[in-house]
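J.: One structure, as C-alpha cells, below. Some questions next.
The values are calculated or read from the model by the stated rules, or taken from the named source; none is laboratory data. All figures in this text were calculated on a predicted structure; none of them were measured in a lab. Backbone-built Cβ (ideal geometry, glycine too); neighbour counts: all protein chains shown.
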Amino acid sequence: MSESKWSQQRNVPRGFTYDERWQDLVDSGQNIHGEADFISGLKPSSVLDAGCGTGRVAIELIRRGIDCVGVDLDREMLAAASQKAPTIDWVEADLKDFNLERTFDIAVLAGNVMIFVLAGSEGLVINQVAQHLCAGGLLVAGFSLDAGGIALGDYDALMNRLGLSPAGRWSTWQRDPFVGGSYAVSAHRKT
C-alpha cells in the first residue's frame, strides 16, 4: 500500500496478528481464497499483488502455479509474508512510487487497498500499478464503497483518465452480479 490511513491507525492488527482473523475463518470452514479463485479463473501467467499485506492472495496464486510478486509498504506485514513463503518476491515499496522493471498479465488490489491509500493519491497508485501491466492486462480491485474511500464513480473516471477501459464489475469475488451495494470488484483493461 502507499503510506496510508492504515499505517496511521495504532490499534489495527498487523503481521501475524492480522493473519489470525483469516485463520479463524478457515477454522470455521469458510473459503478465504475468493480473490485467488477469481484471479486464477482468468488464467494469467503472472500477477502483481499490489498491497499484498501478509501475502494471503500471492501465496495462494503461487500454490496454483501462477507467477506472483507482492508489493506493500508495511514492513511488519511483509515480514509475516516472507516468513510464510520465503521464496516469493516480496517488495517493500510505496504503491505510488515503485518500479519492478517487469510487467504482469494482471494486477490485483485486494483487501480494500483503494480505501487505505492516502486520499488524493489514488491516481498515483493506479497509474503506477498500471505501468506494470502488459498491453491488454487487467487491473482488478475490490473495495468497500461505504468506508469513506474513493467513490465508485470517481474510481471509474480515474480509470478512464488513465486509459483503462471497463472489463467487468461484480459485487463479490465470487462473481455475483453488481446491482449496487456496499462492495465492488472492478476489472479494467490496459489498452
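Per-residue answers, yes or no, for (1) more than 27 Å from Q174 (Cα to Cα); (2) touching a residue at least 12 places away in the same chain (Cβ under 8 Å); (3) buried (at least 19 other Cβ atoms within 10 Å of the Cβ); (4) under 15 Å from the mean Cα position of the chain (by Cα):
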{"site": "G65", "(1), (2), (3), (4)": "no, no, no, no"}
{"site": "V71", "(1), (2), (3), (4)": "no, yes, yes, yes"}
{"site": "V91", "(1), (2), (3), (4)": "yes, yes, no, yes"}
{"site": "G111", "(1), (2), (3), (4)": "no, yes, yes, yes"}
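J.: T87 versus (1) touching a Phe, Trp or Tyr at 6+ places or on another chain (Cβ under 6 Å); (2) without any contact (Cβ under 8 Å) to a residue 40 or more places away in the chain; (3) farther than 24 Å from Y183 by Cα; (4) surrounded by fewer than 24 Cβ atoms within 10 Å (Cβ to Cβ): which is the lone unmet condition?
T.: Failing condition for T87: (1).
J.: Right, next: Tell me yes or no: at least one residue of the range 106-118 is of a type in the set (V, I, T), in contact with a Leu (Cβ under 8 Å, 6 or more places away or on another chain) and assigned to a loop (DSSP other than H, G, I, E, B).
T.: no
J.: Output the number of the condition that G168 fails; it satisfies all remaining conditions of (1) touching a strand residue (DSSP E or B) at 6+ places or on another chain (Cβ under 6 Å); (2) surrounded by 16 or more Cβ atoms within 10 Å (Cβ to Cβ); (3) under 25 Å from G41 (Cα atoms).
T.: Exception for G168: condition (2).
J.: Of the residues in the range 143-165, how many are closer than 25 Å to G41 by Cα, at pLDDT 95 or above and in a loop (DSSP other than H, G, I, E, B)?
T.: 1
J.: For the condition surrounded by 13 or more Cβ atoms within 10 Å (Cβ to Cβ) and modelled with pLDDT under 95, what is the one hit in S4, S46, S40?
T.: S4
J.: Sticking with this structure for a sec: Does D105 count as among the charged types (D, E, K, R) and either surrounded by fewer than 15 Cβ atoms within 10 Å (Cβ to Cβ) or touching a helix residue (DSSP H, G or I) at 6+ places or on another chain (Cβ under 9 Å) (or both)?
T.: Spelling it out, it is not the case that D105 is among the charged types (D, E, K, R) and either surrounded by fewer than 15 Cβ atoms within 10 Å (Cβ to Cβ) or touching a helix residue (DSSP H, G or I) at 6+ places or on another chain (Cβ under 9 Å) (or both).
J.: Looking at (1) modelled with pLDDT under 95; (2) within 22 Å of I115 (Cα to Cα); (3) in contact with a helix residue (DSSP H, G or I) (Cβ under 8 Å, 6 or more places away or on another chain), which is the only condition G34 fails?
T.: For G34, the exception is condition (3).
J.: Given the criteria part of a loop (DSSP other than H, G, I, E, B), touching a helix residue (DSSP H, G or I) at 6+ places or on another chain (Cβ under 9 Å), at pLDDT 95 or above and under 23 Å from S40 (Cα atoms), does G70 qualify?
T.: no
J.: Now for a separate question. Can you tell me which condition T87 does not meet? The list is (1) assigned to a helix (DSSP H, G or I); (2) farther than 24 Å from A135 by Cβ, and all the others hold.
T.: It is condition (1) that T87 fails.
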